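Peer 1: First the structure, then my questions, so here it is.
The values are calculated or read from the model by the stated rules, or taken from the named source; none is laboratory data. Small disclaimer: the values here were computed from a predicted structure and weren't measured. Here the Cβ positions follow ideal geometry from the backbone for every residue, glycine too, while neighbour counts run over all protein chains shown.
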Amino acid sequence: MPGKVKYHNLSDNQKKKYLGDFYTMVSLLENRDEVKNFFKDLLILSEVVMISRRIQVAKMLFEGYTHDEIRKEMKVGFSTVSQVERWLNNGFGGYRKTIEEYQKKYKDNPKVKNSKPFKSGMMKKYPFHYLLWDMINKK
């Protein structure tokens, strides 16, 4: 009886086929309910939560929170924050584009509206550079 299939044991053709089918199926989803139901059927709850937490870390990085603030708030390790930051800054642009779209679409949402600009911790390091931004957000 065969055991689990490991990623590195798959052929390049198998990887391309599986990933291609996955991306194509996701692209067929037309609204939030379809996306939600698809992923609820596909993933177990802990997988959804772990993916969602990575997204929250990416949002916080995008909004200018420091690594320490994120680690404290999200209760994640340094390596998680660093890896998400690498994907955010040096990945394929998926995190950045999606977060920017989210913030544009939900700009009236107070949690998004009061978010800081992405400066990868620069606000903490150089607070006077962002004094005007802070004054606007306090009103």
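Peer 1: Is it the case that some residue within the stretch 14-24 is on the phi > 0 side of the Ramachandran plot and loosely packed, with under 12 Cβ neighbours inside 10 Å?
Peer 2: No, there is no match, as no residue in the stretch 14-24 is on the phi > 0 side of the Ramachandran plot and loosely packed, with under 12 Cβ neighbours inside 10 Å.
Results for (1) at pLDDT below 90; (2) loosely packed, with under 11 Cβ neighbours inside 10 Å; (3) β-branched (Val, Ile, Thr), shown as yes or no for each residue.
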site: GLU30; (1), (2), (3): no, yes, no
site: GLU34; (1), (2), (3): no, no, no
site: ASP41; (1), (2), (3): no, yes, no
site: GLU47; (1), (2), (3): no, no, no
site: ARG54; (1), (2), (3): no, no, no
site: GLN83; (1), (2), (3): no, no, no
site: ARG86; (1), (2), (3): no, yes, no
site: ARG96; (1), (2), (3): yes, no, no
site: LYS119; (1), (2), (3): yes, no, no
